[in-house]
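Participant: Mind looking over this structure? Questions follow.
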Amino acid sequence: MKVIWFLRSVLFALGQVTTLVLFSVLGQLTLPFSFKTRYAFMHHWAKFCLFWLRVTCGVKYQVHGLEQVDASKAGLILARHESAWETLAFQQIFPRQAYVLKRELLKIPFFGWGMRLLHPIAIDRGAGRQALNQLLKEGQARLEQGDWVVIFPEGTRMPVGELGKINVGGSMLASKAKVPVYLVAHNAGSCWPKNSFIKKPGVIEVYISAPLDASQMSVAEINAATEEWFTKHLVQETK
């Protein structure tokens, strides 16, 4: 079985990398245009990857709570981070969005070129207070422009069934910007494990909370609600 998973994962990787090079190079031609145009172009790469993942590796997904999402106004997403899958899938599930990510990712050939087109909030995680101020300033600006913002409050990809420390940056932005806040949990690591080349077939379950009214909550309360939502939907790794 593992041999089959490996071979199917190789096939997926070939398609993913080949199209990444194509999209990241051609995407540079969209630089003179608006972020909306650049995003629309790069969105097709994420869409292809999800399709190719389903075809080659048998990985599907199901979303619970999507009916609670109000796409007419920008929202803040505080999401569980288990794999690279969610960075692709969220582009299908939610409206146009900007990601908060570590600046080093933009230096990766091709991948970094493509990510720059998506106008991310790239921070230096070693900069402390300066990085937090950048997150708050740029995050609020993106929300005011009508774009959604995605933050992984655990700060890094976590193994399945393991909860990381919930950092305060996302909650502080939520409190400051006073936009709808959606908590998103999932079990993507069950199919696309952290630091693993092999993708396992299965259905990834995504759970979206009802929007939180951050204007009525403190930073500590938002953090507590996030931790509770993530914990509620944690699953144990399947061997």
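Derivation of every value follows stated rules applied to the coordinates shown; laboratory data play no part. Bear in mind the structure is a predicted one, so any value in this text is a computation, not a measurement. With ideal geometry, Cβ positions are generated from the backbone for all residues, glycine too; neighbour counts draw on all protein chains shown.
Participant: Report the gain in length on full extension from LEU106 to ALA13: 0.36 nm times residue separation, minus Cα-Cα distance, nm rounded to one decimal.
Facilitator: Net length gain for the segment: 31.5 nm.
Participant: Rounded to the nearest 500, what is the 222 nm mean residue ellipticity of the chain from helices alone, with -39500 (n - 2.57) per DSSP H run of 4+ residues and division by all residues?
Facilitator: For the chain, the value works out to -14000 deg cm²/dmol.
Participant: Related question: What order, most packed first, do the peptides 90-98, 173-181, 10-18 have when packing is the mean number of other Cβ atoms within 10 Å of each residue?
Facilitator: 173-181, 90-98, 10-18
Participant: Turning to a different aspect of this structure: When a/c is below 1.5 the answer is rounded, else prolate if a/b is larger than b/c, else oblate, so apply that to region 146-239 with a ≥ b ≥ c taken from the square roots of the Cα gyration tensor eigenvalues. Intermediate results must be reported in sequence, preceding the final value.
Facilitator: Numbers: a/c = 2.23, a/b = 2.11, b/c = 1.06.
Prolate, because a/c is 1.5 or more and a/b exceeds b/c.
Participant: If I require 30 Å or longer along the helix axis, counting alpha carbons, and a Kyte-Doolittle average no lower than 1.0, what helices from the chain are left? Use full DSSP H segments. Working shown, then result.
Facilitator: On the way: long enough: 2-26 (35 Å, 1.69); 35-57 (32 Å, 0.25).
Those that clear 30 Å and a mean of 1.0 are 2-26.
Participant: Next question, about the same structure. With the crude spin-label approximation of a point 7 Å out along Cα→Cβ, what separation in nm comes out for VAL3 versus LYS194?
Facilitator: Reported label-point gap for VAL3 and LYS194 is 3.2 nm.
Participant: Based on the mean of other beta carbon atoms within 10 Å per residue, what is the order of 150-156, 50-56, most packed first? If you can, show how the numbers build up before the last one.
Facilitator: Details: 150-156: 21.0, 50-56: 17.3.
My ranking of the peptides, most packed first, is 150-156, 50-56.
Participant: Dipole magnitude of the chain about its Cα centre, charges +1 at Lys/Arg Cβ and -1 at Asp/Glu Cβ only, in debye to the nearest 20? Don't jump to the answer; show the numbers that get you there.
Facilitator: On the way: 27 positive and 17 negative charges, 152 e Å.
That gives a dipole near 740 debye.
Participant: Considering only region 2-232, what is the antiparallel percent among its DSSP beta bridges, to the nearest 5?
Facilitator: 20 percent
Participant: Take the cross-link list LYS36/LYS137; LYS47/LYS200; LYS47/LYS232; LYS73/LYS194; LYS73/LYS176; LYS199/LYS232 and give me the ones stretching past 26 Å between alpha-carbons.
Facilitator: Violating the 26 Å Cα-Cα cut-off are LYS47/LYS232; LYS73/LYS194.
Participant: Using the Cα gyration tensor of the chain, with a ≥ b ≥ c the square roots of its eigenvalues, what is the shape: rounded (a/c below 1.5), prolate (a/b larger than b/c) or oblate (neither)?
Facilitator: It is oblate, given that a/c is not under 1.5 and a/b is not larger than b/c.
Participant: Mind jotting down a quarter of the surface of the convex hull over the alpha carbons of region 58-121, in square nanometres, one decimal?
Facilitator: 5.5 nm²
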